[in-house]
Amino acid sequence: MVIVKRKELSFWERLYLPEVFQGLSITLRAMFRKNVTRQYPEQKLEVNEVTRGQPRLAVNADDTIRCVSCGLCEAACPAYAITIDGQETDRFIEREPERFEIDMLRCILCGFCEEACPKDAILMSDELELADFSREALVYDLEKLKRPVSALQPRLDYIYKLSNRWNSSSSSS
Ligand code: SF4
Ligand code: SF4
């Protein structure tokens with residue numbers, strides 16, 4: 001067994017005054033530094049078309065939903081957050097969702113559903129806030145997910161701009 005002999009501290013050393021003053025000086029300096037803390041919720045996070053917020057379903061100007069219930073987003077979702085039941089419709093698109101749910105507590109905002117969708121029907125909105133009083137309330141249904149396509153247009157323009165960039169760089173190489 002090794003016994004470590006510690007140095008006996010003097011009375012002044014046991015008051016730890018230098019350390020106390022050093023700590024106070026750090027606190028004082030920090031008080032006059034520029035504030036870097038966001039005062040949420042008064043100060044909101046800035047959002048734009050690049051923001052990958054919660055996914056939403058685009059609704060056309062004539063109030064029809066774009067989704068054709070193909071299930072590709074459901075298959076692409078790594079978090080198993082999407083549940084779709086399709087139904088037949090007399091519209092030109094033939095199918096549309098009867099039930100479309102996204103469990104927002106599972107969603108990791110990865111954007112795979114947006115990438116998988118062949119109809120530009122599911123898009124990452126700039127909506128980031130998520131709060132409610134029960135888990136059930138955070139499973140968003142069709143009505144909660146619908147947004148007019150005009151509200152999602154900046155995101156749509158952005159993803160088309162991105163894919164054009166990739167297309168032009170691959171054709172020039
Ligand atoms: S953003 Fe990702 S996790 Fe969320 S629903 Fe879409 S694919 Fe699933
Ligand atoms: S991939 Fe698009 S069209 Fe297909 S089910 Fe999902 S949202 Fe609807």
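The values are calculated or read from the model by the stated rules, or taken from the named source; none is laboratory data. Since the structure is predicted, the reported quantities are computational estimates derived from the model, not experimental observations. Cβ sites come from the backbone with ideal geometry, for glycine too, and all protein chains shown count toward neighbours. Surface areas here come from the heavy atoms of the whole protein model, side chains and all, with no ligands, DNA or RNA. Shrake-Rupley method; radii C 1.70, N 1.55, O 1.52, S 1.80 Å.
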| task | Return the carbon/sulfur percentage of the accessible area of the chain, one whole number, probe 1.4 Å, all protein chains in place. | result | 56 percent
| query | If Lys and Arg each add +1 and Asp and Glu each add -1, what is the summed charge of the other residues whose beta carbon sits under 11 Å from the beta carbon of residue 93? | reply | 0
| field | Contact order relative to length of region 16-173, as percent, for alpha carbon pairs under 8 angstrom and 6 or more apart | value | 27 percent
| said: Let me cross-check residue 149: its accessible surface, 1.4 Å probe, with only protein heavy atoms counted, in Å² to the nearest 10? | reply: 20 Å²
| said: Against the 2.2 N^0.38 Å scaling, with N counting residues, where does the chain land? I'd like the Cα-based Rg ratio to two decimal places. | reply: 1.73
| task | For the chain, with a Gaussian network of springs between Cα atoms less than 10 Å apart, report the residue from 26, 93, 82 with the top mean-square fluctuation. | result | 26
| Loop chymotrypsin sites (Phe, Trp or Tyr not before Pro), region 66-173, which have at most 15 other Cβ atoms in a 10 Å radius of their Cβ (DSSP) | 80, 92, 133
| note | For region 16-65 the trypsin sites (Lys or Arg not before Pro) that pass both the DSSP coil test and the at-most-12 other-Cβ-within-10 Å test are 33, 34, 38, 44
| Please identify the trypsin sites (Lys or Arg not before Pro) of region 111-173 that satisfy two criteria: DSSP loop assignment and at most 12 other Cβ atoms within 10 Å. Which are they? | 135
| task | Using a Förster distance of 45 angstrom, determine the FRET efficiency expected from the C-beta separation of residue 120 and residue 37, and round it to 0.05. | result | 0.75
| said: Can you give the FRET efficiency to the nearest 0.05 for residue 28 and residue 5, using r as the Cβ-Cβ distance and R₀ = 45 Å? | reply: 0.75
| task | Show 105, 57, 162 ordered by accessible area, largest first, where the area counts protein heavy atoms only and the probe is 1.4 Å. | result | 105, 162, 57
| Which cysteines does the chain leave without a neighbouring Cys Cβ under 4.7 Å? | 67, 70, 77, 107, 110, 117
| Computed helical MRE - 222 nm, the chain, DSSP H runs ≥ 4 contributing -39500 (n - 2.57), nearest 500 | -9500 deg cm²/dmol
| Can you put 47, 36 in order of accessible area, largest first, using a 1.4 Å probe? | 36, 47
| Per-pair calculated FRET efficiency, R0 = 25 Å: residue 137 and residue 44 via Cβ, rounded to 0.05 | 0.65
| said: Just want the answer: with Cβ charges of +1 for Lys and Arg and -1 for Asp and Glu, which residue in 167, 23, 79 is farthest toward the dipole's positive end in the chain? | reply: 23
| request: Counting only heavy atoms of the protein chains, get the accessible area per residue of the chain (1.4 Å probe) and round it to a whole Å² value. | output: 75 Å²
